[in-house]
Amino acid sequence: MDRIATLRQIESALTSFESGETDLEGCERQIRAAVRTFATEFDGELSAYRSDTGTVVLASSEREARQRVRELTDASAPVVEPIE
């Protein structure tokens, strides 16, 4: 999914919330699903990686993914795997 499609889904979820068609929990669920889909079906040169801490990052390699996880968490030697 590309960025524009993701933003459209988020906008749709917010519109549904504002109009009373869904509650906050439903809106959050729709937004979370859109962002997760964007991250795992990313159209580009980056891939999604999940670390053993549960953190998900976009990176061009496992090495870069480990570095990003280190920067975002307290993990000193994170293990990362690509999300298929």
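No value in this document is a laboratory result; all are computed from the given coordinates. What you see is a predicted model, and the numbers here were worked out from it, not measured in a lab. Methodologically, a virtual Cβ is constructed for each residue, glycine included, from the backbone with ideal geometry; neighbour enumeration extends over all protein chains shown.
Projecting the alpha carbon convex hull of the chain along each direction and taking the average yields 6.1 nm².
The modelled label-to-label distance for the pair residue 60/residue 15, using points 7 Å beyond Cα in the direction of Cβ, is 3.7 nm.
Axis angle, to the nearest 10 degrees, between helix 3-18 and the longest C-alpha principal axis of the chain: 40 degrees.
The C-alpha atoms of the chain define a longest principal axis, and helix 24-40 lies at about 40 degrees to it. In the chain, helical runs assigned H by DSSP with n ≥ 4 each contribute -39500 (n - 2.57); averaged across all residues and rounded to the nearest 500, the mean residue ellipticity at 222 nm is -17000 deg cm²/dmol.
At R0 = 30 Å, how high is the FRET efficiency between residue 53 and residue 28 if r is their beta carbon distance? Nearest 0.05 is fine. The calculated FRET efficiency here is 0.85.
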